[in-house]
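The structure appears right after this line, and notes come after that.
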Amino acid sequence: MFSNIRTGTSPQEDFRRLYTAVFPILFRVACRITGSEEAAEDLCQEAFFRYHEKEMSFPNHDEAKYWLIRVVKNAALNYAKRKERERRVYQRAFREEHRTVENGEKHLIEKETRQEVKEALEQLPENLRIVLILKEYGELNYKEIGRALGISEGNVKVRVFRARERLTALLGYISPDKEG
């Protein structure tokens, strides 16, 4: 606890006094960070439990209060980060579950489109085709493609851009008069 020589109080009384004085502060801090009263209460209780379990000793009441504030603040920040990560994972999973059920027509259209893209890709010059394949199918970034091909990252970006332009033109998504 903290030095009780001056006060002549028992460690239990010191703890009770500290708890009564500091809990509202800790609760407000934790609640503000987590946005949840339930989580804030749990974090505060956990901090006091750690304080009591470890039989922490501080020179005065204020030092104990500041230690508890740091503990609760850090725990609340960790809680908030964990909840944010969980929220993002749930959102991703939720989006993935909303995929449409494929029907025969959709499957046929996708198959035909893949075949058209494959044929158009084969018509590209080798230097453009390979960067596009590495980028789109190999899922490599520009730097990795540059390393693999022995060319600069800037050159990779230019080739990918040109390959996409030509592929778009070959697939008939832009009119030939817009090609330059």
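Every number here is computed from the coordinates shown, using simple stated rules; none is lab data. Predicted model only: the values in this text are computed from it and were never measured. Virtual Cβ from ideal backbone geometry, glycine too; neighbours counted across all protein chains shown.
The table below lists the values:
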quantity: Vicinal HN-Hα couplings computed from phi for region 63-76 (Karplus, 6.51 cos²θ - 1.76 cosθ + 1.60; Hz; Gly/Pro x); calculated: 4, 5, 4, 5, 5, 4, 4, 4, 4, 5, 4, 5, 5, 5
quantity: Correct option for Cα extents along the principal axes in Å [calculated from the coordinates] among [x] 80, 51, 27; [y] 93, 44, 27; [z] 44, 32, 30; calculated: [y]
quantity: Per-residue ³J(HN,Hα) for region 134-142, Karplus 6.51 cos²θ - 1.76 cosθ + 1.60, θ = phi - 60°, Hz, x for Gly and Pro; calculated: 5, 6, 8, 9, x, 6, 8, 8, 4
quantity: Amide hydrogen neighbours beyond the local backbone of Phe58, cut-off 5 Å, H modeled; calculated: Phe2, Ser3
quantity: Among Ala47, Thr9, Ile145 the positive-end extreme of the charge dipole of the chain (Cβ point charges); calculated: Thr9
quantity: Sites Leu171 and Arg87, calculated FRET efficiency, Cβ-Cβ separation with R0 30 Å, nearest 0.05; calculated: 0.20
quantity: Using θ = phi - 60° and Karplus 6.51 cos²θ - 1.76 cosθ + 1.60, couplings along region 16-27 (whole Hz; Gly, Pro as x); calculated: 4, 5, 4, 4, 4, 6, 9, 3, x, 5, 4, 4
quantity: For the chain, size of Cβ-based charge dipole, Lys and Arg +1, Asp and Glu -1, in debye; calculated: 560 debye
quantity: Positive dipole terminus of region 11-97, leading residue within Val71, Phe94, Thr20 (C-beta point charges); calculated: Phe94
quantity: For the chain, calculated [θ]222 nm from helices alone, where every DSSP H run of n ≥ 4 adds -39500 (n - 2.57); calculated: -25000 deg cm²/dmol
quantity: Cα gyration tensor shape for region 104-178, rounded if a/c is under 1.5, else prolate or oblate; calculated: oblate
quantity: Extension gain from Lys157 to Thr9, taking 0.36 nm per residue of separation minus the Cα-Cα distance; calculated: 45.9 nm
